[in-house]
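Q: There's a structure below that I have some questions on.
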Amino acid sequence: LRMMLSHTSSLRDEAGYYWDADSGVHLSEVFTPGGRLHGDGRMWAKNAPPGAYFQYANLPWGVVGTVMERVTGERFDRLIRRLILDPMGLPGGYHPAEFPPAVLAEVATLYRKRKEVDGKEVWDPKGPWIPQVDDHSNRPPAPRARPDYVPGTNGTLFGPQGNCRLTAEGLGKVMLMLLNGGVSGGRRILRSSSIDLMLQVQWRADRAGNRDGEFDADLGKRTMNAWGLGVQHYLDLGGPGWGDRLVAPGGFRASGHGGDAWGLTSALVFDRRTRNGLVFMIGGSAFDPAGHPGIYSGHPRHHEQILTALYRRAIQGRTD
């Protein structure tokens, strides 16, 4: 579990990390040699055994979610709602098909000015905004699981790696819960010892003999240099087009996680020592972020600009 949460388990995304309800998949078919979806075993790293090498991957979260279902007998989406979201009073969750109408009406559609043409990305900043996901204006969201789904067989259905719909305010409450040792609104959500363990560094590039792993090392970005249990540690390293630095000119070392999918760009980052933190999310861009690299990090330029502006105004109290 520690290896999966720190991305050192040797699991990889090359064979997939999400199988929908129509596939009828049991994860044993993915991981068992000879299984229907095992193929040539591309879900396993070929360059290192478990625990020896870092590479960011989504599949481990589907495995963790499946195990949580198997242990509790509950679907992952409902389990997280019972244990975390409802006690914290957070609207949203992992399964929009079960949202109350008032909550579903507030789910934001993600847009980009991007489309596929002959298998290639085409960005047109002067063109129309194109819905990417969560466009429920004409049809309701489809259920992710069939009524006969057996918990503990395919937790990837609910996207444990990043499918949770939350508000910016909700992310802020999660951040405060982590800063307050697992307590939210006077109610204990997690043990303080669990928060301590989550925020301990489990992997660090300069200690482990490898940088980001294959995912980012090939690009030379070094956006990931240290990791806890499900939490990135931002070491404030950076230069033009590389590094994990969050703000200009530097000086803000933090823990947290970024988000980047279907046009969404987001981050939840906090410094436990100073009790300062930042949360932001945007719903898509008109331009290709890859064409606008950062000037002091490996993050896209708009990511840098948003976090730096928040840091200067909200934490430093600057008005310039």
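The values are calculated or read from the model by the stated rules, or taken from the named source; none is laboratory data. Values in this document were obtained by computation on a predicted structure and should not be read as measured data. So basically every Cβ, Gly included, is an ideal-geometry build from the backbone, and we count neighbours across all protein chains shown. Only protein heavy atoms, including side chains, enter the accessible area calculation; ligands, DNA and RNA are left aside. Shrake-Rupley method; radii C 1.70, N 1.55, O 1.52, S 1.80 Å.
Q: Could you grab the pairs with beta carbons closer than 7 Å, sequence gap of 6+ or different chains, first residue in segment 49-76 and under 24 Å from residue 223 (Cα atoms) and touching a residue at least 40 places away in the same chain (Cβ under 8 Å), second one open to solvent by 30 Å² or more (accessible area, probe 1.4 Å) and in a helix (DSSP H, G or I)?
A: Within 7 Å, the pairs are 50/3; 51/3; 54/208; 55/214; 55/215; 56/215; 60/4.
Q: Just one of 53, 17 is in a loop (DSSP other than H, G, I, E, B) and either closer than 20 Å to residue 158 by Cβ or at pLDDT 95 or above (or both); which is it?
A: That would be 17, the only listed residue that is in a loop (DSSP other than H, G, I, E, B) and either closer than 20 Å to residue 158 by Cβ or at pLDDT 95 or above (or both).
Q: Now a separate question. In segment 298-320, what count of residues is obtained for those that are of a type in the set (A, V, I, L, M), open to solvent by 30 Å² or more (accessible area, probe 1.4 Å) and under 23 Å from residue 287 (Cβ atoms)?
A: Residues that pass the stated criteria total 3.
Q: Now for a separate question. So which residues in segment 155-166 are part of a loop (DSSP other than H, G, I, E, B), open to solvent by less than 40 Å² (accessible area, probe 1.4 Å) and either of a type in the set (A, V, I, L, M) or in contact with a helix residue (DSSP H, G or I) (Cβ under 7 Å, 6 or more places away or on another chain) (or both)?
A: Of everything in segment 155-166, just one residue is part of a loop (DSSP other than H, G, I, E, B), open to solvent by less than 40 Å² (accessible area, probe 1.4 Å) and either of a type in the set (A, V, I, L, M) or in contact with a helix residue (DSSP H, G or I) (Cβ under 7 Å, 6 or more places away or on another chain) (or both), namely 160.
Q: Would a scan of segment 140-150 turn up a residue that is out of contact with any Cys (no Cβ under 8 Å at 6 or more places or on another chain) and more than 19 Å from residue 19 (Cα to Cα)?
A: Yes, segment 140-150 contains a residue that is out of contact with any Cys (no Cβ under 8 Å at 6 or more places or on another chain) and more than 19 Å from residue 19 (Cα to Cα).
Q: Still on this model: I'd like to check something: does segment 189-200 contain any residue that is of a type in the set (S, T, N, Q) and open to solvent by 90 Å² or more (accessible area, probe 1.4 Å)?
A: Yes, the conditions are met somewhere in segment 189-200.
Q: Note down all Cβ pairs under 8 Å where the first residue falls in segment 31-45 and is open to solvent by less than 70 Å² (accessible area, probe 1.4 Å), the second is assigned to a loop (DSSP other than H, G, I, E, B) and among the hydroxyl-bearing types (Ser, Thr, Tyr), and they're at least six residues apart or on different chains.
A: Here the result reads 38/32; 45/10; 45/53, each pair linking segment 31-45 to a residue that is assigned to a loop (DSSP other than H, G, I, E, B) and among the hydroxyl-bearing types (Ser, Thr, Tyr).
Q: Given the structure, is residue 107 surrounded by 15 or more Cβ atoms within 10 Å (Cβ to Cβ) and either at pLDDT below 95 or closer than 15 Å to residue 165 by Cβ (or both)?
A: yes
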